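What follows is a single structure, written as structure tokens, with notes after it.
Just so you know, all these numbers are worked out from the coordinates, no wet-lab data involved. Owing to the predicted nature of the structure, the values given are computational and were not obtained by experimental measurement. No Cβ is skipped: glycine too gets one built from the backbone with ideal geometry, and neighbour counts run over all protein chains shown.
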Amino acid sequence: MKAINYQMPFRPNFEASAAAGWGIGIGVMVLFGAIFQLPIVYVVVIATITALALVWRLRQALKLWKFILSLGGEQFKTITFEDMEKKAGGINGELWLGRGFEWTSRHAELASEVLQRDFKEVQPPPWVARMLGKASASRGFVGMPWIHGIGASEERDITVPLKFMEGNTALVGAPGSGKTTLYRLKVFQAALRGDTVIVLDPKNDRDLRNAMQEAAIRAGAGDRFIAFDPAHPSTSIRYDAMANWSRDTEPAKRVTDVVVSFSGGADNFTSYTWSVLQSFTDALLFVGRRPSLKMFRAIVEGGPETLMEEVLRKFFQERYGPSYMQYLAEDIRVAASSKKRDSGTLPATLGGMIQHYKTLPFEERDKQGVNGLLETVEHNREHLGKMLTSLKPALIALTAGDLGDLLSPDPMNLDDTRPIFDSGKITNGRYICYIGLDSMTDDMVATAISTLILADIKAVAGARYNYADREELAKRTEMIIDEASEIISLPLVSLLNKARGAGLRITIGMQSFADIITKLGSSAYMEQLLDSTQNLIALRTKGDTTTKQIVRMIGKTKITEVKRSSSAGSRSDDAGLHITGSEGAGTSKKEVPLFPEELVARLPNFEYIAYFAGGTVIKGKFPILM
Ligand SMILES: Nc1ncnc2c1ncn2[C@@H]1O[C@H](COP(=O)(O)OP(=O)(O)O)[C@@H](O)[C@H]1O
Ligand SMILES: [Mg+2]
């Protein structure tokens, strides 16, 4: 351990006091010289020697102050689009995240020393700062600039391999700490790379939408910018969020997830809901229709009987040919007469058809599209009725009015000229897509839409990941979820968990972890979410839960702690009285958080502490792109 580590710059400026002392000395000398009529040579010689000492001390004092002031840095820096483009050109396959340094236990040590003092105490007086042409390091700032200053001499460009960014990145930061500013950097770089960009914005922040559009234009990709914006339906694209799925089980799963997120959590009905929706899906596919939100809503509102009849008609037509009805006549007649006795059962035609179906040999009834729905239709009516009722609010919310036309576009409606997109089209065309969720109006709808869209994007990404060729694979999808706590739900957490396997790079932006816990209802679910993140970028945050969690995620280190000790005493022995004294500095190793918790709440705007999949911890700051 080098002794220089303990030459702490973070201490009161003793040299300044000494210089002041020498200054007073000169004054006193001259004064006394005048009063007592001392010989002029005598006064000049002493004053000169004193002045030399003053200059020597003043130089030392200024050096220290300059260092302290250099820790201040500028409040914020900007970078032009042109400069950013140049930088991005030089870092193929990496993401530029501003400038910074690797934060090691040495920095933790320095930080702990500074924290033991009042930083103001080591600050030069404001007039010195003004004289040196710098702003005082802690005045007028949000946060403490010295945190970055600790490693300012090692500062370099921070670039992270995109490979590391696969999987999720948690981005936490209090309002105004710089989240949106970071998104701009990410979006611009992704646009330059030609990646797909999808931004989910629950708060419909005009700035974010404009920033994305500007980034796209500056990257020469203005024509790739699109916006889904239910708050401004006339200028929105239409987004068919049920268009992409590779397995027959996906549509039902997706709508179940939406219902679950809509009703605030899974319950006893959830698995039943899923099996009923699956029976609708199988039946729809059997008769050659595409499962969609509107279709599900129609079945839920009108009851499944109409679809059942359509399914059976198709089944019998395939079996008996066009005149299939004559084979069913007898069963329908029996059903009609029993219906008279027992009202409240199925319509006679349907009842007869079902009766006939059941008389067929078992192996000929092996049709998934028929059997599933038949089970649903014959299920306990009360039970089914309750379940369908619980499905209604979510389906109605997503299919009614403007939102309905936007989410379940009707390509046959020629009056509607708004372009229709789906996740497949967006990914293949490498669009830069802003999705405003308008949670201000209704956060349940926002949650449902985001669950739906993320599931659709995941289905597409998963398929690409599995089947696409190498070159196509190189183009990935960069996703940003701003204010994630507004829309987080358990289905969304499980989707995020699976995102990595699909090669998506998702940034989950939030103000605090506490908000997420509140929304999910348990810190265990929060853990689940954090387990799915490979990277953490922490801007300034407040609140115990959040800062503690950040510090825990960054990990611990061992630092050397200096223990200064002194003692004085006396002892008497044969030789007389001895005065004893000792002074020493002992060091001991101590385990502490690599990044002190106090500092998380004191980071200035645009400054972060982060760790990336590779394991390195970075203290960085990024500029405003403009
Ligand atoms: N172009 C700019 N010039 C000056 N200040 C800016 C500019 N852009 C953003 N800021 C300021 O930077 C801070 C961080 O903004 P922002 O990135 O929107 O934070 P967040 O998204 O975390 O709320 C805010 O205080 C904002 O006023
Ligand atoms: Mg913001």
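Values for this structure:
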read-out	value
In the stretch 250-404, lysine pairs with alpha-carbon atoms under 19 angstrom apart (chain gap of 8 or more, or interchain)	7
Estimated translational D of the stretch 294-338 in µm²/s (Stokes, Kirkwood radius over Cα pairs; 4 °C; 1.567 mPa s)	108
Dipole-positive endmost among LEU208, GLY23, GLY151 within the chain (Cβ charges, Cα centre)	GLY23
Helix 325-341 axis, angle to the chain major axis (alpha carbon atoms, nearest 10°)	80
Degrees separating the helix 270-286 axis from the principal Cα axis of the chain, which is the longest one	50
Helical mean residue ellipticity (222 nm; -39500 (n - 2.57) per DSSP H run of 4+; nearest 500) of the chain	-15500 deg cm²/dmol
Under 15 Å, Cβ to Cβ, from ARG365 - net charge with Lys/Arg +1 and Asp/Glu -1	-4
Sequence-distant aspartates and glutamates (8 or more away, or on other chains) whose Cα lies within less than 15 Å of LYS87	ASP157
Percent breakdown of C-alpha pair distances by 10 Å bin, ordered from the shortest bin, for the stretch 3-70	20, 38, 23, 13, 5, 0
Under 5 Å, built H, 5+ apart or other chain: amide partners of GLY98	ILE158
Cα long-axis angle, helix 490-499 against the chain (0 to 90 degrees, to the nearest 10)	80
Per principal axis, descending, Cα span of the stretch 250-404 in whole Å	48, 33, 31
Overall Cα dimensions of the chain, principal axis frame, Å, largest first	139, 67, 43
Charge dipole (debye, nearest 20) of the chain; +1 at Cβ of Lys and Arg, -1 at Cβ of Asp and Glu	1800
Net dipole in debye of the stretch 251-374 [+1 Lys, Arg Cβ; -1 Asp, Glu Cβ; about Cα centre; nearest 20]	240
The stretch 332-426: relative contact order in percent, alpha carbon pairs under 8 Å with at least 6 residues between	13
Interchain or long-range residues, amide H under 5 Å from ALA174's placed H	ARG540, THR541, LYS542
Whole-Hz couplings from phi, Karplus 6.51/-1.76/1.60, listed for the stretch 105-112; x for Gly and Pro	5, 5, 5, 4, 4, 4, 4, 5
Which of ALA170, GLY424, SER337, positive extreme of dipole for the chain (C-beta unit charges)	ALA170
